[in-house]
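Worksheet: one structure, shown below.
The values are calculated or read from the model by the stated rules, or taken from the named source; none is laboratory data. As the structure is a computational prediction, the values presented were derived from the model and not from experiment. Methodologically, a virtual Cβ is constructed for each residue, glycine included, from the backbone with ideal geometry; neighbour enumeration extends over all protein chains shown. Calculation scope for accessible area: heavy atoms of the full protein, side chains included, ligands and nucleic acids excluded. Shrake-Rupley method; radii C 1.70, N 1.55, O 1.52, S 1.80 Å.
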Amino acid sequence: MSDAYRSYLELLETLRVKLEALSELANKKIEAAGNDDLMALNEVIKQEQALSLSFRGLELTREKLVKEMGLQEVALSQLETRYPLEMREEARQAVAALQDEFQSYQGVAKTARGVLERNLYEVESILASLGGPPREEEAPVVGPRPGYKPPASDTAAPPPSMRTDFRA
């Protein structure tokens, strides 16, 4: 049983490290967007996606450990109270470190999102000023969009030479 508790603390540390890496990538995203470097931004997004996929495996491990410890309904903030006495301080520190890292990541991710949104708005404004297509919310929805081909009407009869009498 003690192995599950120890493994869970290791999992929390792994999560903290991965959140720290996501924070670094968000900072790189801000830098790339600020430098108008689309290639660097694309590379950062690819790294971010790969790192995000690793969280799925960690979630499966977390679910297994929580079930093994019988802590399915326990919030992370209450985790230390459910740990063995000799491990409570270590659990408290691990939870606090993870929560701090999460707060840090949320802040930098929010900043990155704001920078990217501003840059997209600038691109849309430039395109509109150059006569490009208007943004979706400005475009009136009247009739079909360019490139739309309505389906053939089912009421059109085939030419007489293509008609067949199946009653025979």
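Some points to look at:
- Checking Tyr83, Tyr105 one by one, the residue that is at pLDDT 90 or above, among the hydroxyl-bearing types (Ser, Thr, Tyr) and more than 24 Å from the chain's Cα centre (by Cα) is Tyr83 and no other.
- Within the set Ala32, Ala4, Ala26, the sole residue that is without any contact (Cβ under 8 Å) to a residue 40 or more places away in the chain and of a type outside the set (Asp, Glu) turns out to be Ala32.
- Taking the numbered list (1) closer than 24 Å to Asp100 by Cβ; (2) outside any loop (DSSP other than H, G, I, E, B); (3) among the aliphatic types (A, V, I, L, M) in turn, Ile45 passes all entries but (1).
- Unmet requirement for Gly70, which otherwise passes all of (1) of a type outside the set (S, T, N, Q); (2) over 23 Å from Glu20 (Cα atoms); (3) open to solvent by 60 Å² or more (accessible area, probe 1.4 Å): (3)
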